[in-house]
Structure formats: structure tokens, C-alpha cells
1. Using the basic label-point model (7 angstrom from Cα toward the beta carbon), what is the E140 to Q3 distance in nanometres?
2. Quick check: from the Cα gyration tensor, does region 47-171 come out rounded (a/c under 1.5), prolate or oblate?
3. Given the C-alpha centroids of region 304-327 and region 163-217, what is the distance between them in whole angstrom?
4. State the Cα centre-to-centre distance between region 238-262 and region 347-367 in whole Å.
5. Can you tell me how much longer the chain between F312 and E158 gets when fully stretched, taken as 0.36 nm per residue apart minus their C-alpha distance, in nm with one decimal?
6. For T415 and I434, compute 0.36 nm times the residue count separating them, minus their Cα-Cα distance, and round to one decimal in nm.
7. Quick one: if you stick a label point 7 Å off each Cα along the C-beta vector at S166 and D637, how many nm between them?
8. Determine the relative contact order of region 541-634: mean sequence separation of Cα pairs under 8 Å and six or more apart, normalised by residue count, in whole percent.
Amino acid sequence: MPQITVTLPDGGAKSLPEGARVRDLAAAIGPRLAASSIAARVDDALVDLDEILHDGARVEIVTESAAEGLSILRHSAAHVMAEAVKDLFPTATFGIGPAIEDGFYYDFGVDRPFNPEDLEAIEARMREIVASAVPFKREEVDRLTAHDRFEGQPFKRELIADLHESETISLYTQGNFTDLCRGPHVPDTSRIRAFKLTKIAGAYWRGDSTRPMLQRIYGTAWYSDKDLAAYLTRIEEAEKRDHRKLGKELDLFSFHEIAGAGLPIYHPKGARILRLLQDWLRPELYRRGYVEAITPHIYKTDVWKISGHYDFYGENMYFFQIDEGDGRVNEYAVKPMNCPGHVMIFDNDVRSYRDLPMRIFEFGTVYRHEMSGVVHGLMRARGFTQDDAHIFCAPEQVHDEIVAMLDLVDYVMHTVFGFEYSAEISTRPIGHSIGADDMWELATKSLMDACAARGLAYEINEGDGAFYGPKIDIKLRDAIGRTWQCSTIQVDFNFPERFGLTYRTAENTEAQPFMLHRTILGSMERFLGILIEHYAGAFPSWLAPVQVVVIPIADRHLDYSNDVRAKLEERGVRVEVYSDNEPMRIKIAKAQQQKVPYMLVVGDREAEGGTVGVRDRSEGDLGSRTLDEVVELVGKDDPRR
């Protein structure tokens, strides 16, 4: 029988009979691999185990333990859920059902909204389908056949109509359900061993508020009950840490329908935390050679037309007109980003190579028209403040500037806040982009070399850079293992070109500077939300809006309590006195609920001795301390010390 030879990830080769499938290769390598195989990557394309191999193919088996294996499992679970819905709701129409981080969802058009009882019935039907070990079968069809197969399914037919003529149309069938899908899928439904449907939500078709509202069911799937249980425990913990819930309980911020979606109103304690973050970071930036700017919240649209935002980002901006009073009516826009102001500062004078690098930062508030369906507390707001900075530099300075930014990232995220983090570099997109090849090559290599210089491992997100330059995204891991994208370092060829920025070189010629965008905290709203959930509302003492509460045992101790407050405030400590006529245990419980780091209990003995009884919110009673000792205790975690 004719043979083919395929190449394995370690560079080794394997010979197989012509017509062999991926599953045959897995079996030939070993029974354990065959048992855990889910799919394969053949010549960089993900395929099913039934894919026929060709001579010379590069093959990597995808197993249950791989991240891609989990994604494939969850996508398959979405199809099983859709089959269950079809069985229970025969008139349902079907949208899309992708895998997402930690789970999957599917959008359905149904006659009435789903309810919790429906979710239980759907999950029960899914278990029956899983127990039947139904295989997933792939077929490739032409456009007309695909159109006919989805009679009565307008959303599927719309997706088919939008496919490029050259694109292969593939369908997957398991049981009595067929879906339009690229795949791959697990071999059969029995692989979906541990799953749970988690919630119901509304979702506009294709995210467009002018299109039909569909019912979205979310779920999660894992390869073992143990992993599922661990995930559900994390979700339960995440719900306890929800920044929206804690923000209300701790009196940090609020949202008001009358004000508009996604526009947080900070109460004094929340405002205090934001100012503490800024007041801590600002001198650190000065020390690192930055200068601060303050730029307007609005500009005439002339600015946004030059920058390109008017044409490419206009749907996310807020526009209005102003009568200038001299017969002219000008159109203005609220800024969605701070870049133009910093560009105009650079362009306000003739710049020399001696002026570079020029590092401009701003705590600038911006506004973006996010769809109401994606607005989510502080994590996705319409109005937010960025710790924005733009660095204008010569090509030979790019590497060192990026290294310096990564050093700042490490100081902030790891040294100060204790986060572990990773990096992802997004490269030049396929299709439209600006900038010469050598500029892209230099910029991308500078990002990679800077990560290497810092000893920072990174993944490549091929082709996901902006059209105006490559970038590094920094992803944090919080206290319960969730990942958040915060810091970004972005190379920009667009602004220098559009605004005609130049500087005089040492050879007295004109050159275009590189422009680097960077945020460290990112959206300060979002970072505050992350911190609330990371710390479960129990901020470190240096960042707590109230560091100390003084608790008088009786009313006769109020004068001494207020004296303690005044002396501590003189030393920079943030203090409240609980003066209400309540039992001490109630006052302590209130301080614990507010997650205040330290409680100072004062009675006759403390008033006579000029001391306080200290309670730590976590460790409990710390005994009697002087006020000097309290100041030292409160400030021991301050990164500025």
C-alpha cells in the first residue's frame, strides 16, 4: 500500500498508509495519545480527527490538556446545547454559538424569553445527548445547498450570504441538529463530560440594537467534574468580589439612569482612592523623565478629521454643534482619547533631536459611545480617565523607551500591587495598514527585544496589531486566577504622518519621529474595578479611603477620640471617629464591614495614658499602641516610603 510521511512537532517523521486520518496517526504514536486526542493542527490549520492527511503534512495532535482542546470542547458543548433547544423548542431560530473564555454561549430566537426552569430542562436534555455518544460529522457543501439546508433559519442564511465566494462552507451534524460551522469538534458528544448552563441574557443579533433581540444562554464545559467544581467555586468567589456590589456597600461610586449608562459618579471615598492612585503615580512619572499636560475635553472636528477618528471612529464619538456668534457654526466632538493634545504640544515648536525623547503624560478623562449591552460597571464605562502618555522619540531610541516602559509596568503591577502578569505582542495586520515595511520591522523587533531584555515571556498575536502599529498588551492575573488586560504599549505611525510631525536630526535634516502610546493602569475606572475585586474591597492601608476609625467606648471618651483624630490627620493619616451612641461591638462590626484597615478603641485607660487599643481588620487585637506606633503601622505598606 502506498505510504505518506508526516512531520511531528519535535521534527520527527511518521509513515502511514495513504488515506490515513489524524486519528490513525494518534493511534500509531500511542494508545494514551489516541485516548486524549481531540483534534489536530495540520499545516497550522485546526482540523478534526477524521481529517485525511497528505504527504509532507506538519501535524500536531491537540489533546484534552491543551488550551485549544478546551476551546474545541466548549464549542462542541454549544452545539449540543443548540440541539437540546431544538428538541424542546422546535420553532426556535439559531444565531451563533462560539466558545468564549471559560465557557460558551448560543443565541436563539424564541417565542418567549427563557426562564430558569427552561435552563434546567435544556441541561437535562444535553445530558441525554452526551450519554448517547453521538458523533460530530463534517460535510462541505456549495452555497445553494447550504442555503436550502437552513430553510426557516434567517440568521444562518444571512451568515451564508455574507461568506466570501472563495470560502469553503462546512456543516457539522450531531443527532438531529446541523449547524453552519468551521469546526473542528470533539469526536463525539461523550467527550463533553462536565458542563453547566450558567445564565440567560438578551443579545441583539450581531450586536446591532436595530436588529432582533435574541435569547443568549451561557454555559461552561470542562474535561472533569473536578475542574468544573473548581471553576464554579471561582465564579461564586467572583460574585462575592463583584466591584459593583462592593462599590455600593463601601460607598465608593454609583450609577444613575437619569445621568446615563456607563457614567460613574464617584462618592468621596471612591474619589479619594482615584486621587491617591494619581498622587502616588505622578511623582514616579516625574522621576522617570515625564512631563505632565492638561488638554481640553472637546475639540473642533477639524482635529478628528486630521487624526482619522472622524472617519474611522466616529460612531464611537459624541458630536455637537456650537454657534460661535459670528455667523459661524462649528462642529465639535468630546475626545475619545488624549493623543491629539499631546501631538499639538509636540508640534507647537521646532523640535530637535536634543529634545528627544519627549515624554508627555496626562490623567485625561475621555468619553466613548459604547453600546449599552457591553457597558459593565467600571470595567466598561462610557466616561473614564486614562493614565495616558505619549513618547516622541528617534528610531534608535525606541528600544530603550520600551524597556523603560516595561520597567515601569513591573514596578507598578508587580512591586506595588503584587500582580503576576504576562505579555502579548500583536503584529502587523493583513490588509490595510500604514507605515513602511522597515518601520514595522524595527517597531516589532523593538517590542520583542525589549521583552527579552526584561526577561518577560510573550506570546505573538499574529496580525492583530492596529493598522497604525504593533503593540504589547500586559495581562494581569488577580487573586482568584482571572486574567485582565491593563497596560498597553503601542507604536503609532499614523499620528506623526497625519499631523506632519518632524524634528531636526544631528545631520540637520528633517525626520519623522516615532510616537509611542502607553498606559500603565489603563482606564483608571477599570483598574479601580480590578483592584476592588482583587482585594475583595479590603484595600491595602496606603490606598484605603479611610485608614483608621477611632471607636470611643463611651460618650465621655469623645473629646479624646477627636484629639486622636486631629493628631493623626496632622501626620497624614485618614481618620474617622465613630461617634454614634452605639455599643462598641456594633462600631467594630461596622468598621469590619467597611473593611477599614485599623480600629482604634479608646476608653478611660487609653485617655489617661495617651494611647489607643489597636485592632487589625484581619489579625484582630494588636494591643495598646502610642500614636507614633499607629502612624508607623498605617504607613508600613506605602510604596512611597
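1. About 2.8 nm separates the two model spin labels.
2. oblate
3. Between the Cα centre of region 304-327 and that of region 163-217, the gap is 39 Å.
4. 35 Å
5. 52.9 nm
6. That pair, T415 and I434, stretches by 3.1 nm at full extension.
7. My value for the distance between the label points is 5.7 nm.
8. 31 percent
Laboratory data are not the source of any read-out in this text; all were calculated from the coordinates shown. Keep in mind it's a predicted model, so treat the numbers as computed, not measured. With ideal geometry, Cβ positions are generated from the backbone for all residues, glycine too; neighbour counts draw on all protein chains shown.
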